[in-house]
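The values are calculated or read from the model by the stated rules, or taken from the named source; none is laboratory data. Not measured: the values here are computed from a predicted model. So basically every Cβ, Gly included, is an ideal-geometry build from the backbone, and we count neighbours across all protein chains shown. Just the protein is used for accessible areas: all its heavy atoms, side chains included, with ligands, DNA and RNA removed. Shrake-Rupley method; radii C 1.70, N 1.55, O 1.52, S 1.80 Å.
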Amino acid sequence: MNQKQSLNIGWNFFSEEKNRWNSAKVPGYIHQDLIDNDEIPDPFFGKNEEGLGWVGKKNWTYKLEFTPKKEIYDQKTIRICFEG
C-alpha cells in the first residue's frame, strides 16, 4: 500500500533583499509570500505594481525541512513527487 505525506506546511523562502529566510505557502507564489511577510505592498492596489518589477528579476530559493513518516521508510521504493 502506498503511503503519502503532504509537504505543504513548513516552507520558507530566502529574501535576497533582506538576506533572511521568511515563511512561505506552498503551493503559492513569491508575490503573495512577500506580501504576507510585509516585504512589499499589495501590487493590485493603486500604483504599487509600478515599483515591484524587481521581484520577477530576482532569484528566490524555497526550502522545506521535514522528517518522513515511519511508514514511508517501510516502503520498497520511496519517491518524492512535486506537482506544478
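With all protein chains in place and ligands, DNA and RNA left out, the 1.4 Å accessible area ranks F66, F13, F44 as F44, F66, F13, largest first.
In a shell of Cβ-Cβ distance under 13 Å around P27, excluding P27 itself, what net charge do Lys and Arg (+1) and Asp and Glu (-1) give? Before the final figure, lay out each step's value.
Details: positive: K25; negative: D33, E83.
Every neighbour counted, the sum reads -1.
Here the 3J(HN,Hα) profile of the range 20-36, calculated from phi with Karplus coefficients 6.51, -1.76 and 1.60 at θ = phi - 60°, is 7, 8, 10, 5, 9, 10, 10, x, x, 8, 4, 4, 5, 5, 5, 4, 4 Hz, Gly and Pro shown as x.
Simple point charges give the picture: +1 on the Cβ of Lys and Arg, -1 on the Cβ of Asp and Glu, and for the range 1-43 a dipole about the Cα centre of about 340 debye. Length gained on full extension, L7 to K47: 10.8 nm, using 0.36 nm per residue less the C-alpha separation.
Placing a label point 7 Å from the Cα of K76 along the Cα-to-Cβ line, the residues of the range 1-35 whose backbone N sits under 16 Å from it are 1-3. Restricting attention to the chain, lysine pairs at least eight places apart or on different chains and with alpha-carbon atoms under 27 angstrom apart total 18. What the phi angles of the range 39-53 give under the Karplus curve with 6.51, -1.76 and 1.60, with θ = phi - 60°, is a coupling list of 8, 9, x, 4, x, 8, 10, x, 9, 4, 4, 4, x, 10, x Hz, glycine and proline written as x.
Derived scalar couplings between HN and Hα for the range 55-68 equal 4, x, 9, 9, 8, 10, 10, 10, 9, 9, 9, 8, 10, x Hz in order, rounded to whole Hz, by the Karplus curve 6.51 cos²θ - 1.76 cosθ + 1.60 (θ = phi - 60°), x for Gly and Pro.
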